[in-house]
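*Asks:* Starting off with a structure, shown below.
The values are calculated or read from the model by the stated rules, or taken from the named source; none is laboratory data. Computed from a predicted structure; not experimentally measured. As a convention, Cβ positions derive from the backbone with ideal geometry for all residues, glycine included, and neighbour counts pool all protein chains shown. Ligands, DNA and RNA are stripped out before the accessible areas are found, and what is left, the full protein with its side chains, is counted by its heavy atoms. Shrake-Rupley method; radii C 1.70, N 1.55, O 1.52, S 1.80 Å.
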Amino acid sequence: MRTTRPRLAMAQLLFFDGQDKHVTAEWVAAELSNAGKNISLASVYNTLNSFVEVGLLRQIQLGGANIVFDTNTQDHHHFLDMKTGELTDIPRDSFELSALPNAPNGRSIDSWDLVIRVK
Ligand SMILES: [Zn+2]
C-alpha cells in the first residue's frame, strides 16, 4: 500500500495508540478535521476501504448504511448498545454455539459473527 498523507493521518488516528477502536467514517473525518487535517469524507471512505482490503481493519455492517470499521481484526463478536450505538467486543471463545444453519441455495458460509443488541 502506497503511503499518502491521508493514509498516514488515518493510520496515526486509528493504530498508533495501540487501542482497539470501532469507528465510523464520519467520526474519522471529524477527528482529522479537529486536528487541522481536512480530508474529504469520500477520501476517508476510500482509505478505510483500502485498510479493509489489506486486512488492517474489519468492516462491520450493522444494517442499512450503518457501517463501522473495527481495528480488532481477530474473529470476535459484538454487543451493540441500541441507545448509543457503541460496540463492545465479545471474545470469540467466550460462549459456544452448537451449530450454524445451512447456507441457502447451495452457497457456503464464508464467515460469521454475532451482534447482540443491548439496551
Ligand atoms: Zn470489535
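*Asks:* Based on DSSP loop calls and a cut-off of at most 15 other Cβ atoms within 10 Å, the longest stretch of the chain free of exposed GluC sites (Glu not before Pro) is what?
*Replies:* It runs 1-85.
*Asks:* Can I ask one more? Among the lysines, which have Cα under 19 Å from the Cα of LYS119 when same-chain residues fewer than 8 positions away are ignored?
*Replies:* LYS119 reaches LYS83.
*Asks:* Follow-up. Compute the Cα gyration tensor for segment 39-84, then decide on rounded, prolate or oblate, letting a ≥ b ≥ c be the square roots of its eigenvalues: rounded whenever a/c is under 1.5, prolate when a/b is larger than b/c in the other cases, and oblate in all that remain.
*Replies:* Values: a/c = 2.49, a/b = 1.28, b/c = 1.95.
Oblate.
*Asks:* Quick check: the distance between the Cα centres of segment 98-119 and segment 45-85, to the nearest angstrom?
*Replies:* Using only Cα atoms to place each centre, the spacing works out to 17 Å.
*Asks:* Same structure, new question: At q = 0.20, 0.27 Å⁻¹, what base-10 log of I(q)/I(0) does the Debye formula yield for segment 50-119 when every alpha carbon is treated as an equal point scatterer in vacuo?
*Replies:* -1.02, -1.30
*Asks:* Roll a 1.4 Å probe over the protein chains and send me the accessible area per residue for the chain in Å².
*Replies:* Working: 8020 Å² over 119 residues.
Result: 67 Å² of accessible area for each residue.
*Asks:* Would you work out what percent of the accessible area of the chain, with all protein chains in place, is carbon or sulfur (probe 1.4 Å)? List each step's numbers first, then the result.
*Replies:* Details: 3880 of 8020 Å².
About 48 percent, which is the carbon plus sulfur part of the accessible surface.
*Asks:* When the chain is treated as a GNM, springs tying every alpha-carbon pair under 10 Å, which of ASN46, ASN102, ASN38 comes out with the largest mean-square fluctuation?
*Replies:* In this elastic network of the chain, the residue with the biggest mean-square fluctuation among ASN46, ASN102, ASN38 is ASN102.
*Asks:* Grab the Cα-Cα distance for ASN72 and LEU8, subtract it from 0.36 nm times how many residues apart they are, and report the gain in nm with one decimal.
*Replies:* 21.2 nm
*Asks:* Over segment 42-119, what relative contact order in percent results from Cα pairs under 8 Å that are six or more residues apart?
*Replies:* 24 percent
*Asks:* Cα-based Rg of the chain per 2.2 N^0.38 Å, rounded to two decimals?
*Replies:* Here the Cα radius of gyration is 1.19 times the empirical estimate.
*Asks:* Let me have the relative contact order for segment 1-84, percent, based on Cα pairs under 8 Å that are six or more residues apart.
*Replies:* Worked out over segment 1-84, it gives 29 percent.
*Asks:* Which is the longest stretch in the chain that no exposed loop site breaks, taking sites as chymotrypsin sites (Phe, Trp or Tyr not before Pro) with a DSSP loop state and at most 14 other Cβ atoms within 10 Å?
*Replies:* 17-94
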